[in-house]
Every structure is written in structure tokens, then in C-alpha cells.
Amino acid sequence: MLKVTYNILIGAIICILSTSFYPQSDQIQDFTLPDVVSGTDFSLSQYKNAEAVVIIFTSLYCPYAKFYDNRISKLTDEYRNNSKVRFVLINPNNPNKSRADALDKVAASAKSRRLGVPVLIDHLQQVTDMLGAEKTPESFVLVPQQSGSFKVVYRGAIDDNPQVAEDVRHHYLKSVINAISQRQPIVIDNTPTTGCMIKR
């Protein structure tokens, strides 16, 4: 009896830990956040004519996010001349909890990397909560709708090997982008994310 009770308790704990504590929406509305690259505000509606908008939550403090820096650079460069696929990076961490993600440090890093994409600050977690993001790095793919909203068609990992880029077997994010571009169905729309919890 004691063993059964123990197993039930462990199962309940696992269930709680695997459940998202933040609501995840299938569609989001336009939002505006400061872009540290341009020094102006960026609105999602600026990309209303794109076929796909890729949002990647990233940070400067997280080792897993650093593992993906080069991969993100290659992705943005690959689609640089494709006006139908747009990328947006968002730093969601509270700088009071993560000094590495202070505004000036995020701006300096973004300008030195020269990715050619907006790098937004969401220290109040406005968009973070809107999408239900929990970790860095974590990616989302949005498709603009005629109503002006954006449909979330993918959320999760960039690929299946956070630590060793050379050993990646499944490029989840790129597969979704290519499926949209080729008018093909999206086979996988949600994957587990390995990363650091967003600092709130």
C-alpha cells in the first residue's frame, strides 16, 4: 500500500513538472517591443505580408542559448534574402534576476553579431506570456492571418541536439519553415525544449 501511494505521488509530481504553468495560445495579436538594433519600436504587424515569422527567445546568460548562437546566425543568413520568411529574436529575462541580460549588454551583443534581424527586449514578459514561452532558447513559428492576428503553427526546439550542432539529426524549425514555403503540411508542430528557464 505504501509503495502504491509513493508511486502515485511520484507520478503526480512528474505530471506537475511537465505541465506548462503559462497559457499557450494558438493565435496572438500584434505586439510592440523595443528593438535594440534599430533603437526604435518594432511591431509584429510589420511582417503581416510574410509567409512565416520565426520568433526565437534567447538570452546571454544561458549556456544552451550560447550553443545555438552560430546555428541561429546560419538560419537568419540562409533566409536573409527571402522576404517571405522573417526572423525576430527576443530576450525575455528580467535584468534584475539576470545581469547578463541587461539592456546595454543585449544591445552590444546584438550589434556585434550583425544578424540583420530585430532583437527585442521583453523584460516585462508581455510577449513571453502571450506565447507561453518558458525557456531560452525556444522557438515559435507564426503565420499571418487575414484578420490581422498571427497563428502559432510551431513551438519548441530548434533541433534535436542542443549541445553538438554536428550531431543534429532533426532540424525541427527549418523543416517547419520549408513546409510553409513549399505549401506542404507541417508534420511536427510541437517539440520539447531543452534550455534555461526564463528569469522572471
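Among residues of the stretch 105-130 that are farther than 15 Å from K199 by Cα and touching a residue at least 40 places away in the same chain (Cβ under 8 Å), those with a beta-carbon under 6 Å from a residue that is of a type in the set (A, V, I, L, M) and assigned to a helix (DSSP H, G or I) at least six positions away or on a different chain give the pairs V119/A110.
Among the residues of the stretch 54-61, is any modelled with pLDDT of 95 or more, among the small types (G, A, S) and in a helix (DSSP H, G or I)? The answer is no, given that none of the residues of the stretch 54-61 is modelled with pLDDT of 95 or more, among the small types (G, A, S) and in a helix (DSSP H, G or I). Among the numbered conditions (1) more than 23 Å from Y61 (Cα to Cα); (2) surrounded by fewer than 13 Cβ atoms within 10 Å (Cβ to Cβ), the only one that S149 does not meet is (2).
Set side by side, the residues N81, N49 differ, and just one is part of a loop (DSSP other than H, G, I, E, B) and at pLDDT below 95, which is N81. Scanning the stretch 22-37 for residues that are over 12 Å from G148 (Cα atoms), part of a loop (DSSP other than H, G, I, E, B) and either of a type in the set (A, V, I, L, M, F, W, C) or modelled with pLDDT of 95 or more (or both) gives V36, V37. Of the strands (runs of 3 or more DSSP E) lying entirely inside the stretch 115-162, the ones with 1 or more residues being of a type in the set (S, T, N, Q) are found at 138-144.
Of the set (1) in contact with a helix residue (DSSP H, G or I) (Cβ under 9 Å, 6 or more places away or on another chain); (2) without any contact (Cβ under 8 Å) to a residue 12 or more places away in the chain, all apply to L142 but (2). Mind checking which residues of the stretch 55-81 are touching a residue at least 24 places away in the same chain (Cβ under 8 Å), farther than 23 Å from T32 by Cβ and among the polar types (S, T, N, Q)? The answer is N70, S73.
Considering the stretch 51-92 alone, what residues qualify as being surrounded by fewer than 22 Cβ atoms within 10 Å (Cβ to Cβ), among the hydrophobic types (A, V, I, L, M, F, W, C), more than 11 Å from I177 (Cβ to Cβ) and in contact with a strand residue (DSSP E or B) (Cβ under 8 Å, 6 or more places away or on another chain)? Once the filter is applied, which keeps residues that are surrounded by fewer than 22 Cβ atoms within 10 Å (Cβ to Cβ), among the hydrophobic types (A, V, I, L, M, F, W, C), more than 11 Å from I177 (Cβ to Cβ) and in contact with a strand residue (DSSP E or B) (Cβ under 8 Å, 6 or more places away or on another chain), the stretch 51-92 yields only L60. Residue check: D104 meets all listed conditions (1) out of contact with any helix residue (DSSP H, G or I) (no Cβ under 9 Å at 6 or more places or on another chain); (2) buried (at least 21 other Cβ atoms within 10 Å of the Cβ) but one, namely (2).
The values are calculated or read from the model by the stated rules, or taken from the named source; none is laboratory data. Not measured: the values here are computed from a predicted model. Here Cβ is always computed from backbone atoms with ideal geometry, including for glycine, and neighbour counts include all displayed protein chains.
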